[in-house]
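*Asks:* Before we start, here is the structure in question, set down as structure tokens.
The values are calculated or read from the model by the stated rules, or taken from the named source; none is laboratory data. The structure presented is a predicted model; accordingly, all values stated were derived computationally and were not measured. Note: ideal-geometry Cβ built from the backbone for every residue, glycine included; neighbour counts use all protein chains shown.
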Amino acid sequence: MSDTVQLPRWIDVGALPLLNLLLALIVSGLVVLAIGESPTQVVEILLYGAFGYEEAWGYTLYYTTNFIFTGLAFAVAFHCGLFNIGAEGQAYVGGLGVVLAALYLDFLPFPIMLIVAILAAAVFGAAWAYIPAYLQARRGSHVVITTIMFNFIASSLMVYLLVNVLRPQGSMTPESEQIAEHLRLPFIHDIAAGLGLEMASSPLNLSFVYALVCSVLVWLFIWHTRWGYAIRTVGANAVAATYAGIEPGRYIIMAMMISGALSAFMALNEVMGVQHRLLIDFTAGYGFVGIAVALMGRNHPFGIFLAALLFGMLYQGGAELSFEIPTISNDMVVVIQGLVILFTGAMEHMFRPRVTRIYTAWHLRRRAQEAA
Amino acid sequence: MDNFELVILLLDATLRTSTPLILAALAGMFSERSGTINLALEGMMLGGAFSAAAVAYYVGNPWIGLLAAIGTTICLSLLHGFACITHKGNQVVSGMAINILMSGLTALVGIALFAQGGKTPSLDHGSRFQPITLPGADAVADVPVLGSIYSELLSGHNILVYVAFLAVPAAWWVMYRTRFGLRLRAVGENPGAVDTAGIGVVAMRYRAVMCSGVLVGMSGAYLSTAQGASFLQDMTAGKGYIALAAMVFGKWRPFPALFACLLFGFLDAAATRMQGVILPGIGEVPVQLVQALPYVLTVVLLAGFIGRATPPKSLGRPYVKER
Amino acid sequence: MNCKQVFSIIAVLAVSLPVTVFAVRASEIAPAVVYSTGGKFDGSFNQSAFEGADRFKQETGIDYREFELRNDTQSEQAIRNFAREGRDPIIVIGFQQATSLAKVAPEFPDTRFAIVDMVVDQPNVQSVVFREHEGTYLVGMLAAMASDTGTIGVVGGMDIPLIRRMTCGYALGALQAVSGIKVLENMTGTTGAAWNDPARGAELATTQIGLGADVVLQLAGGTGIGVLQAAADAGKLGIGSDANQNGLHPGSVLTSMVKHVDVAVFDAFEAARNGGWKPGIRSLGLAEGGIDWAFDDFNRDLITPAMKDAADAARNDIIDGRITVHDYMQDGTCPR
């Protein structure tokens, strides 16, 4: 069909992803049925666990914070045509930056430490992303493979540091010392208490606000700056970008380093906000979820926020699930995650031809009616 | 003698640890030479390991477990193909999705079936692949050096180890000496030309990912029914990615990939034994350094500092028929 | 997939939105257990805790809630969730959870907590620790006496003082029984994964067997399953730890160093029920029946009367204080 009509925006960025998401959830429901549990009960518990009481909200938004950061990270690289699968490693190394700053500069007052910690996370995360970025830009080594490798290298490096360097004497677990009390990110419920509001205690902390700020900044950067434009041009077509006088390598490196820094901000939430120490594997797969979040959110900060909220809900509700139904563990959430990535990411084009056909038919008929 | 014995033991362990890598790396090779990136090796291996252990437990026969594993991984390959070949979805994303999906699904089904926290029950002797003593191994065991190499190193492995090593020349033969192999490589390099010659690119790529499924299924079965005696949650522990690295390190070719797997297997075997060992003159080598070495080496290779790894030209690109 | 099906599913989702409230049923006590990452079917430490909780349920009819960690970061949330639900007492298993408990316990001063294998110094926490070195001393003696090759092995999980203390007891016991015996030691890893990696455990055991060991003790939780498997596959002897693992490979497990986590869990629940619960440290060893070596039908043929007599004599000596097994955790050394 030569005269297919361009899909309107609300179908392209709204209806199609929702259709894919719906399919993913339906298949998840079938999985639940297959293992002999009731999908409606699962949904009930998930929703109750995620939003049913005050702390649940806190936990949901706390997970959301992580996903906003890793989702933004993936999106920025994606706009440049790059698959940054290395958010895990970048966040892990970023955590090192945060904890080193907090442990060795513990004389700093909190407001200064906040800035130092943000910078430390950004520098460490960006540095870890720099090598794969450089290799992609200058030596043509595929960033997918190198970032995967760098996740493993980061993991080994951090285990070494935690076991041999950061672990306090005589401690049984490989984890760093605790960050001093006055240097921790304040919990939202503490801030609320300061304002005279009573809120249930939850791990939600100031980094959530910072995540929202970053969302706005990323939006400004990608769509309203020269660099953002250049990054998108390289992502759309690197060859054409070269003809337009944009040197792709430079922007590949820039996008990857910003991506690495954004991943690393996850450590602000985890290390400085919640755990208050560096733990083995504190990234717990949040970096990979970021891929799903960004794809579902169509790589737009607002979409990413919504998708991050969905995954935050799944995570918190999922924790509740494993408390309530023993046969369903957190793994159910992992399965849903996988299905969401599969349907909204890998099979994103599945419905497109059909939807385009239906829409075109409808559109043509309407035009014919108008003409008549 | 003691040192010789140590070396033999270490090499013996190398064979055991590199077996799943070899099978998975060959699997990756078949898929990628045809133009389909296969990051899903990790998840497929996990799926294969689970099916093998679960079925072997129910029927008490490792061979049927192996078939179940291969069946599972072929299904996953078809899913990967459905997303990437039919619907031209992103191959990297599809691979990641399958990895995440299988990490959760195997545990979920495991808990539902066996209620043991995602593990499968331990398999008894009859449900596992048992070591095979090569003919004459006992007789020559006392012959110095050669005898112990034969009886300790070469003999006494389970069938899948031998299969893995035989799969390498077999894969080479298929890839370079058959028409199927020629076409497979061609769709990975220049699908347009293959299409012009009247060969279906889509069908060819599907066949390639199915070959991939068969091989990776065996590697999964090896983990849970030959090397181990049950399935455990996330038991692959990154082996799929190491295999991927080995494939890249081996420049998408069977024999170099074999050597990469042996090297990585050796490093793993050595790392396990070097926990807290103090080497004369060097001091204690951080185990983590040895563990990270395969990844570092692969990155260095990719960066073009030791040779050059060139992927198939159309790797990662869905084929869109010219009109 | 047609539209009708999609709609019916949406309808089901919408109807189920009004959510029921889950509340703890009022009963005398509402206990909970948080297992460590090995999971309650690790055939070892956590399983023993599970058995204790289960026995309590059978005997008193009081149900309990449980949670298995998938990674150590979940520990804090799990403990806090139970506490928030009003669970009391809450028992956490494994030293890995100490930091989390130390953080959560002060937030719920009226909730009673207990932790196994580590000391958490809080007014509402009972810390149950075991003198495992007394047990490994006995199984070390048995291993040395059962060995034909003059070499025995031990595979530990992580290289931490807790495991060092046990390997030290093992070596001392072995040397006591057979002077000059060679004891091979390997640790599995440096992270939590080291407790749940049977393939690596099997690798290490195979190496030790290759180096001449014919009895191998596992001190590695879930990893140890691989150690015992490898020993059985090779026709050698394994020694279990934590739970009684004699039955895993009958005839191939010499004995087990039993650590009665089940007793610790049961006692903590029972004490909470009858009002006798006390915070502070509970140290359990041979004398208290918290530690023992397993002798049952599975290994009756492996233990000669001479071996049994020697082990029983040493056991009595330790209980009476005539033998003091050196505790590695006191000074960080193991004088051999």
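*Asks:* Answer yes or no as to whether C:Trp277 is closer than 22 Å to C:Trp195 by Cα and either assigned by TED's automatic domain parsing to the domain that holds C:Gln122 or aromatic (Phe, Trp, Tyr) (or both).
*Replies:* no
Listed here are the residues, each with its yes/no results for (1) in the same structural domain as A:His349 (by TED's automatic domain parsing); (2) within 19 Å of the chain's Cα centre (by Cα).
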{"residue": "A:Val13", "(1), (2)": "yes, yes"}
{"residue": "A:Thr70", "(1), (2)": "no, yes"}
{"residue": "A:Cys80", "(1), (2)": "no, yes"}
{"residue": "A:Val93", "(1), (2)": "no, yes"}
{"residue": "A:Ala102", "(1), (2)": "no, no"}
{"residue": "A:Phe110", "(1), (2)": "no, no"}
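*Asks:* Checking A:Ser171 against (1) surrounded by fewer than 20 Cβ atoms within 10 Å (Cβ to Cβ); (2) of a type in the set (S, T, N, Q); (3) in contact with an Asp or Glu (Cβ under 7 Å, 6 or more places away or on another chain): exactly one of these is not met. Which one?
*Replies:* (3)
*Asks:* Also, I was wondering about something else. What about B:Ser77, is it within 13 Å of chain A (Cβ to nearest Cβ) and among the hydroxyl-bearing types (Ser, Thr, Tyr)?
*Replies:* no
*Asks:* Right, here's the next one. Examine the stretch C:167-181 for a residue that is of a type outside the set (Ser, Thr, Tyr) and closer than 28 Å to B:Leu232 by Cα, and state whether such a residue exists.
*Replies:* No, the conditions are met nowhere in the stretch C:167-181.
*Asks:* Further question on the same structure: Tell me which residues, restricted to the stretch A:335-361, are more than 7 Å from every other protein chain (Cβ to nearest Cβ) and either hydroxyl-bearing (Ser, Thr, Tyr) or over 30 Å from B:Ala112 (Cβ atoms) (or both).
*Replies:* A:Thr344, A:Phe351, A:Arg352, A:Pro353, A:Arg354, A:Val355, A:Thr356, A:Arg357, A:Ile358, A:Tyr359, A:Thr360, A:Ala361
*Asks:* Residue check: is A:Phe51 under 24 Å from A:Met313 (Cβ atoms) and either at pLDDT 95 or above or not assigned by TED's automatic domain parsing to the domain that holds A:Ala200 (or both)?
*Replies:* yes
*Asks:* Then there is this: Restricting to the stretch B:1-36, name every residue that is within 14 Å of another protein chain (Cβ to nearest Cβ), among the charged types (D, E, K, R) and in contact (Cβ under 8 Å) with a residue 12 or more places away in the chain.
*Replies:* B:Glu5, B:Asp12, B:Arg16, B:Glu32
*Asks:* Looking at the structure I just gave you, is A:Ala368 more than 14 Å from chain B (Cβ to nearest Cβ), surrounded by fewer than 16 Cβ atoms within 10 Å (Cβ to Cβ) and of a type in the set (Gly, Ala, Ser)?
*Replies:* Answer is yes for this residue.
*Asks:* Now, a different point. What tally of residues in the stretch C:49-81 results from selecting those that are crowded, with 24+ Cβ neighbours inside 10 Å, part of a helix (DSSP H, G or I) and modelled with pLDDT under 90?
*Replies:* 2
*Asks:* A follow-up question, please. Only one of these is in contact with a helix residue (DSSP H, G or I) (Cβ under 8 Å, 6 or more places away or on another chain) and surrounded by 23 or more Cβ atoms within 10 Å (Cβ to Cβ): A:Gly260, A:Gly249. Name it.
*Replies:* After applying the criteria, what remains is A:Gly260.
*Asks:* Another question about this same structure. Would you point out the residue of the stretch B:222-247, among those that are more than 14 Å from chain C (Cβ to nearest Cβ) and in contact with a Pro (Cβ under 8 Å, 6 or more places away or on another chain), that is nearest to B:Gly110 (Cα to Cα)?
*Replies:* B:Ala243
*Asks:* Looking at the stretch A:244-262, can you tell me whether even one residue there is among the aromatic types (Phe, Trp, Tyr), more than 14 Å from A:Gly94 (Cα to Cα) and in a helix (DSSP H, G or I)?
*Replies:* Yes: the stretch A:244-262 contains one or more residues that are among the aromatic types (Phe, Trp, Tyr), more than 14 Å from A:Gly94 (Cα to Cα) and in a helix (DSSP H, G or I).
*Asks:* Being in contact with a helix residue (DSSP H, G or I) (Cβ under 7 Å, 6 or more places away or on another chain), more than 13 Å from chain B (Cβ to nearest Cβ), among the small types (Gly, Ala, Ser) and buried (at least 24 other Cβ atoms within 10 Å of the Cβ) narrows it down to one residue among A:Ala129, A:Ala77, A:Ala133; which is it?
*Replies:* Selected residue: A:Ala129, the only one of A:Ala129, A:Ala77, A:Ala133 that is in contact with a helix residue (DSSP H, G or I) (Cβ under 7 Å, 6 or more places away or on another chain), more than 13 Å from chain B (Cβ to nearest Cβ), among the small types (Gly, Ala, Ser) and buried (at least 24 other Cβ atoms within 10 Å of the Cβ).
*Asks:* Then there's this: Looking at (1) among the small types (Gly, Ala, Ser); (2) under 18 Å from the mean Cα position of the chain (by Cα); (3) surrounded by fewer than 24 Cβ atoms within 10 Å (Cβ to Cβ); (4) closer than 15 Å to C:Ala311 by Cβ, which one does C:Gly135 not meet, given that it meets all the others?
*Replies:* Going through (1) among the small types (Gly, Ala, Ser); (2) under 18 Å from the mean Cα position of the chain (by Cα); (3) surrounded by fewer than 24 Cβ atoms within 10 Å (Cβ to Cβ); (4) closer than 15 Å to C:Ala311 by Cβ one by one, C:Gly135 breaks only (3).
*Asks:* Here's something else I'd like to know. Taking only the stretch A:337-372 into account, find how many residues are small (Gly, Ala, Ser) and touching a helix residue (DSSP H, G or I) at 6+ places or on another chain (Cβ under 7 Å).
*Replies:* Number of matching residues: 3.
*Asks:* Please work out which one of (1) in the same structural domain as C:Glu270 (by TED's automatic domain parsing); (2) among the β-branched types (Val, Ile, Thr); (3) in contact with a Gly (Cβ under 9 Å, 6 or more places away or on another chain); (4) surrounded by fewer than 22 Cβ atoms within 10 Å (Cβ to Cβ) is the condition C:Val116 fails and give its number.
*Replies:* For C:Val116, the exception is condition (4).
*Asks:* Further question on the same structure: Could we say that A:Thr146 is β-branched (Val, Ile, Thr) and within 14 Å of chain B (Cβ to nearest Cβ) here?
*Replies:* The answer is yes for A:Thr146.
*Asks:* How do the helices (runs of 4 or more DSSP H) wholly within the stretch B:1-94 filter down when requiring 1 or more residues that are touching a His at 6+ places or on another chain (Cβ under 9 Å) and surrounded by fewer than 24 Cβ atoms within 10 Å (Cβ to Cβ): which remain?
*Replies:* The helices (runs of 4 or more DSSP H) meeting that bar are B:2-33.
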